[in-house]
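**Student:** Next up is a structure, given as structure tokens.
Coordinate-derived values only; no laboratory data. Here the structure is a predicted model, which is why all the values come from computation and not from measurement. Cβ sites come from the backbone with ideal geometry, for glycine too, and all protein chains shown count toward neighbours.
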Amino acid sequence: MNSEINGKLWHNLNGNGFQDSFEPEIAGGTVYLDDNHNGKFDVGERSTLTDEDGNYTVICYTHGWVRSHC
């Protein structure tokens, strides 16, 4: 069964976990499923790039964790 993970990648300048009006989106950032839980993007892990507004969609086929790497 396919599912999707959708979200937005932005510079969390104040570290509060919420996007404030002064925090810009990250265009062209890599979002990936860290299937082996090693905290880094490895060859073969599903990934996508954010659009110009920082939005992304990753198609999921199995269990994994979302990590961003910019």
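**Student:** Compute the length gained on full extension between Glu4 and Asp51: take 0.36 nm times their separation in residues and subtract their Cα-Cα distance, giving the result in nm to one decimal.
**Tutor:** 15.3 nm
**Student:** A further question follows. Determine the sum of side-chain charges near His11: Lys and Arg each +1, Asp and Glu each -1, restricted to other residues whose C-beta is under 9 angstrom from that of His11.
**Tutor:** So the environment of His11 carries a net charge of -2.
**Student:** Out of residues 5 or more away from Gly7 or on other chains, whose amide H comes under 5 Å of its own, with H placed 1.01 Å from N in the peptide plane?
**Tutor:** So Gly7 has HN proximity to Tyr56.
**Student:** Given the Cα-Cα distance of Asp35 and Asp20 and 0.36 nm per residue of separation, how much length would full extension add, in nm?
**Tutor:** Residue separation times 0.36 nm, minus the Cα-Cα distance, leaves 2.4 nm.
**Student:** Also, I was wondering about something else. Under 15 Å from the Cβ of Asp53, count the other residues' Cβ atoms, weight Lys and Arg +1, Asp and Glu -1, and hand me the total.
**Tutor:** -3
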